[in-house]
1. Can you name every one of the helices (runs of 4 or more DSSP H) wholly within the range 210-305 that holds 1 or more residues which are more than 30 Å from residue 71 (Cβ to Cβ) and of a type in the set (D, E, K, R)?
2. Being in contact (Cβ under 8 Å) with a residue 12 or more places away in the chain, part of a helix (DSSP H, G or I) and crowded, with 23+ Cβ neighbours inside 10 Å narrows it down to one residue among 111, 103; which is it?
3. Return yes when residue 233 is more than 30 Å from residue 160 (Cα to Cα) and surrounded by fewer than 21 Cβ atoms within 10 Å (Cβ to Cβ) and no when it is not.
4. Return a yes/no flag: does the range 198-206 have any residue that is assigned to a strand (DSSP E or B), under 16 Å from the mean Cα position of the chain (by Cα) and within 13 Å of residue 158 (Cα to Cα).
5. If a residue must be under 27 Å from residue 29 (Cβ atoms), touching a strand residue (DSSP E or B) at 6+ places or on another chain (Cβ under 8 Å) and surrounded by fewer than 23 Cβ atoms within 10 Å (Cβ to Cβ), how many such residues does the range 242-271 contain?
6. Which one of these does residue 30 not meet: (1) part of a helix (DSSP H, G or I); (2) surrounded by fewer than 18 Cβ atoms within 10 Å (Cβ to Cβ)?
7. So, of the residues in the range 165-192 that are among the aliphatic types (A, V, I, L, M) and not in a helix (DSSP H, G or I), which turns out to be surrounded by the most Cβ atoms within 10 Å (Cβ to Cβ)?
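Bear in mind that the values in this text are calculations on the coordinates, not laboratory data. Fair warning: this is a prediction, and the values are worked out from it, not measured in the lab. Note that each Cβ is placed from the backbone with ideal geometry, even for glycine, and that neighbours are counted across all protein chains shown.
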Amino acid sequence: MAASVTIGNSQVTSTPLGLGTNKVGGHNLFDGLKDEDGVEVVKAALDDGIGLLDTAFMYGLGRSEEIIGDVIKDYDRSNFVIASKAAQDPDRGLKPNNSPQFLKQSVDSALQRLGTDYIDIFYIHFPDDDTPKAGAVNALADEKKAGKIKAIGVSNFSLAQIKEANTDGQVDIVEDNYSLVHRKAERELFPYLKENNISFVPYFPLASGLLTGKYSPADQNRFSRFSADQYSAIMKAQTEVKKIADNHDATMAQIILAWYIADPDISVVIPGARVADQVHSNAKAMQIELSGYEFDQINGLYDQF
């Protein structure tokens, strides 16, 4: 079983695999979601020892937090970590608002929806255009002193914005788009994060399903962000990943998740799930130990990205 990880300079510890909950109550983001499926997804995660639930106001405009709040009443709150996020302001047509007043109000609203008296990690979900980032983080530092949150995060911030937010060394964690086929964060963010002991959480770690092996060369039109050559390279890489997966009696998704878990630059990986079976499958990634050779091999297969 993979060891637990500490979030930045905080006291928060988590399993290295979490659950992204944008498909739990995120009716504004995905068609055909059922709340009862969302309930089962969260239960499956907690029952399988997945120790971090990553949610946000934007997932169903509070609905994801409410579903999680209903489920966790039946679980020991000290056994798992909740991460939530806010920035989109309903009074501004959901444009980002990082003002101290809005962020403090957002923490209180999230606590109410989640039915808990503390949130382990609270992120500023997106930067706005005008709030000084250090001031926004100071507002969350006040919430931390008050015991309402335990660690401070920023999401979708550029390196310059992260540096500004971390002026007083109070940022514990950064969340951003990252996967084996979208590795920009390695070059742009990781050196600064490592130097400042800031944890990193990738979202879209399976690249919208592309890294799970469920797509073929014929599906290239679904992934227009890749050139024909890049898509072809991804398909070739998957053939090799499939061999590694077969050696571990695992799925390709489990192997890719195990790769993130083994990467010291990544703290918690948070694949989403629409149904409980996907969660049960993802949880098995915590039992897989890749050899150093396998880790390097997978790294090399996607190094052009």
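1. Passing ranges, in order: 228-247, 292-301.
2. 103
3. It is true that residue 233 is more than 30 Å from residue 160 (Cα to Cα) and surrounded by fewer than 21 Cβ atoms within 10 Å (Cβ to Cβ).
4. The answer is no, given that none of the residues of the range 198-206 is assigned to a strand (DSSP E or B), under 16 Å from the mean Cα position of the chain (by Cα) and within 13 Å of residue 158 (Cα to Cα).
5. Selection size over the range 242-271: 2.
6. (1)
7. 171
For (1) surrounded by 22 or more Cβ atoms within 10 Å (Cβ to Cβ); (2) without any contact (Cβ under 8 Å) to a residue 24 or more places away in the chain, each residue gets a yes or a no:
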position	(1), (2)
124	yes, no
128	no, no
132	no, no
142	no, no
146	no, yes
149	yes, no
153	yes, no
160	no, yes
163	no, no
